[in-house]
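Report on the structure given below.
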Amino acid sequence: MPTYSEEDLTTALAAYRDGEYTSIRKCAYAFNIPVTTLSKRLSTRTSRSQSHESQKILSTAEEKTLLKTITRLSKLGCPITLLLTRDLAEEIRLSRFRLSSTPTPYPPISKRWIDRFRKRYPELKTVYSRALDASRFEGVNYPVVSAYFDALTDLFLENSYPSDAIFNVDETGFALGTTLPSKVLIRRGDTTAFKKISGRQEWITAIECIGASGVALPPLLIFKAKHTNTAWIPASTPEK
């Protein structure tokens, strides 16, 4: 069964009307669209989503506005949760009714609405967010990362380091007193969803080190404390 999107159908309509194809059948075949569907749309019939727009919770224009908000918040490091997405949709709908001269009763948005919304916009996906310090989120950009790897490549070409002299050290942290990861909506194609948090959080730092030859060092955990708790340190740990 042919699979196509509304965008594919719009492109096919424009291509046929511009004379790129001599027949509806050829145009439908080129865009993998059923001939009957393309023919009906060419006869000025509206799409299914347009014909049922009056029955939708939000209009197409309102949903596009919500989509832009979701994308913008994700890029700013504040991905929006599913619950908050539904609350924003409710607020958008409520604003429309406030402008109406006659009060109109309406039921609340159901929990299943978010599933239908995501289905209409496949460019969105649901992931679990991860907390990241705001300074780190804002400090990572293409020029900075590109300059780092260019300099690293120059060093490798200049010195020809052996594998047993190459180590990678990574540092991460666990913030105390922050919220747990939550489901958020982001644009499809983004591999990770980070949620910015205040830089004043108390962190437990974890440092890992592994060599290119396969040698790995035990991870190091660093706690913030004025006095060391001996229970944190294994008895077999050497003093120096």
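What FRET efficiency comes out for residue 13 versus residue 150 if R0 is 35 angstrom and r is the Cβ-Cβ distance? Round to the nearest 0.05. Efficiency at R0 = 35 Å is approximately 0.15.
Report the label-to-label distance for residue 76 and residue 90 in nanometres (one decimal), using points 7 Å from each Cα along the Cα→Cβ vector. So the two model labels end up 2.2 nm from each other.
Rounded to the nearest whole Hz, the Karplus-based 3J(HN,Hα) values (6.51 cos²θ - 1.76 cosθ + 1.60, θ = phi - 60°) of the range 7-21 follow the sequence 5, 4, 5, 5, 5, 5, 4, 5, 5, 5, 5, 7, x, 6, 10, with x at glycine and proline.
Figure the gain on full extension for residue 171 and residue 22 (residue separation times 0.36 nm, minus the Cα-Cα span) and round it to one decimal in nm. Intermediate results must be reported in sequence, preceding the final value.
Numbers: separation 149, 0.36 × 149 = 53.64 nm, distance 6.17 nm.
Gain on extension, residue 171 to residue 22, equals 47.5 nm.
Take the Cβ-Cβ distance between residue 69 and residue 110 as r, set R0 to 22 Å, and report the resulting FRET efficiency rounded to the nearest 0.05. Using R0 = 22 Å, I get an efficiency of 0.60. Our estimate of slack between residue 215 and residue 161, defined as 0.36 nm per intervening residue step minus the Cα-Cα distance, is 17.9 nm.
Using the beta-carbon distance between residue 123 and residue 59 and R0 = 25 Å, what value does 1/(1 + (r/R0)^6) give for FRET efficiency, to the nearest 0.05? List each step's numbers first, then the result.
Values: r = 19 Å, r/R0 = 0.75.
Calculated transfer efficiency: 0.85.
A short reminder: the numbers here are calculations on the coordinates, not readings from a lab. Here the structure is a predicted model, which means the values were calculated and not measured. Don't worry about glycine lacking a Cβ; one is built from the backbone with ideal geometry, like all the others, and counts go over all protein chains shown.
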